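*Asks:* Please find one structure pasted underneath; my questions will follow.
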Amino acid sequence: MSFNEQRADAPVEATVRRLHIEFTGSGSEYFRIWIVNVLLLMVTLGFYWPWAKVRRQRYFWGNTLVDGDPLGFHGDPKQMFKGWALVAVLFAMYNVASNASAVASLVAFIALAALWPALWRSSIRFRMANTSWRGLRFRFVGSLRDAYLAHLPPFVVALPMVLLSIAIPEDPEQAPPEWVMASFGGAFVLLLLTLPWLLWRMKAYQHRHYALGPLQTDFRASVRSFYLLAIKPFLLFAAVFAMVVWLVWSLVGEGEPRSDMAVLLIGAAPLVFLAFWVFLFLGIGPWITTRLQNLVWTKTGNGQMRFISQLRFRDMFWLSLKNALLIGITLGLYWPFAKVAMARLRLEAVHVRTITDMQALLAAGQERPQEAAGDAAGDFFGLDVGL
């Protein structure tokens, strides 16, 4: 039974329950896990990564309480290592092919694109099948066919840029043909214009196929809502970027400073660009994160259960600013504290409204343990490829 289906024997006026989400982790606790992970990653030259990820996931999942009970993470680091190694090999092969020739790069791109949807789906299935609540495993029921359909538009949009790269001379001193650069620019603009649509397809595939017991999620956000979300930050980014370019051009002109004042302002150019990136990551970044979380999760649900996200931009902005300053002052040592603080803010901004009898739901799910256990294998031998 899916989330959009109502039981025939359900009461007409069902009681709505609110399931709170609480995060109980602390920065000092996670710091000990984080610092050990960092040291072991350095000692093992990165090969400890899957074990580090399992320790991190178990800590964050174990401290995420839904209606008073924690989530559980049951991932096997050995299986995760296989997935991590597979992706590392694929990217190594792609880099080698890219350095060999443009044609080899194109072949490698197509081969990687052909595998990517299956790897992505496998990773989601692994992660969900190894996450539990009150002893019941979550599932991801998206089909392989739908995974490829979700990835087809990004592949089609990016392919022209890859094809055009073949026509770019390998000699850096030789200018590429004008038609190539114009076509490349057009393909890049097309990619930017279709990004909200591409993001919607990916989120729709994910959020329509989460399942717990007999229930499956639905996703009701429209493509239009994603474009409306993208308009404000895009226009603001374009305006600030244009202002910076105009300022630099007006000061430099044809390459010669126009006045002594211009020389001083040009010397301050690094500060201008630093302010631009601060504006980008501490202004636009938190705004997009806030609006996207609220849009995606509030539109995930059904007639029996739905998520409500009420994350506020003001809180997100000030926490992002605080984290950035303290990470800089402590030379990165504040990172685990920042991670915990951000997890608490984002998780506790979400709650679940349900008319479902949770005990009946859990009992119904426990009647089919073989299905949840089978999903833990997933595709590609149950690999978590970290996507």
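Each reported figure results from applying straightforward, stated rules to the coordinates on display, with no laboratory input. Worth saying up front: this structure is predicted, and the values here are computed from it rather than measured. Cβ coordinates were reconstructed from backbone atoms using ideal geometry, including for glycine residues, and neighbour counts include every protein chain displayed.
*Asks:* Anything over 25 Å Cα to Cα? Flag those among K203/K339; K203/K322; K82/K339; K53/K299; K232/K299, in the order listed.
*Replies:* Working: K203/K339 23 Å; K203/K322 29 Å; K82/K339 27 Å; K53/K299 29 Å; K232/K299 20 Å.
Among K203/K339; K203/K322; K82/K339; K53/K299; K232/K299, the Cα-Cα distance tops 25 Å for K203/K322; K82/K339; K53/K299.
*Asks:* What ranking of S309, S225, S123 emerges when the number of other C-beta atoms within 10 Å of each C-beta is taken as an exposure proxy, fewest first?
*Replies:* Listed from fewest to most nearby Cβ atoms, that is S225, S309, S123.
*Asks:* For the residues I284, I35, what sequence is obtained by ranking on other C-beta atoms within 10 Å, fewest first?
*Replies:* I35, I284
*Asks:* Fewest Cβ neighbours within 10 Å first, please rank T15, T356 accordingly.
*Replies:* Ordered by Cβ neighbours within 10 Å, fewest first: T15, T356.
*Asks:* Also, I was wondering about something else. If you take the square roots of the eigenvalues of the alpha-carbon gyration tensor of the range 6-143 and sort them as a ≥ b ≥ c, do you get rounded (a/c under 1.5), prolate (a/b over b/c) or oblate?
*Replies:* Oblate, since a/c reaches 1.5 and b/c is not below a/b.
*Asks:* If you average the C-alpha positions of the range 53-87 and of the range 90-131 separately, how far apart do those two centres end up, in angstrom?
*Replies:* Here the answer is 23 Å between Cα centres.
*Asks:* Further question: Tell me, what is the FRET efficiency for D69 and M342 to the nearest 0.05, using R0 = 25 angstrom and their Cβ-Cβ distance as r?
*Replies:* Once rounded, the FRET efficiency stands at 0.65.
*Asks:* Mind giving me the FRET efficiency for A114 and R32? R0 is 25 Å, r the Cβ-Cβ distance, nearest 0.05 is fine.
*Replies:* About 0.05, to the nearest 0.05.
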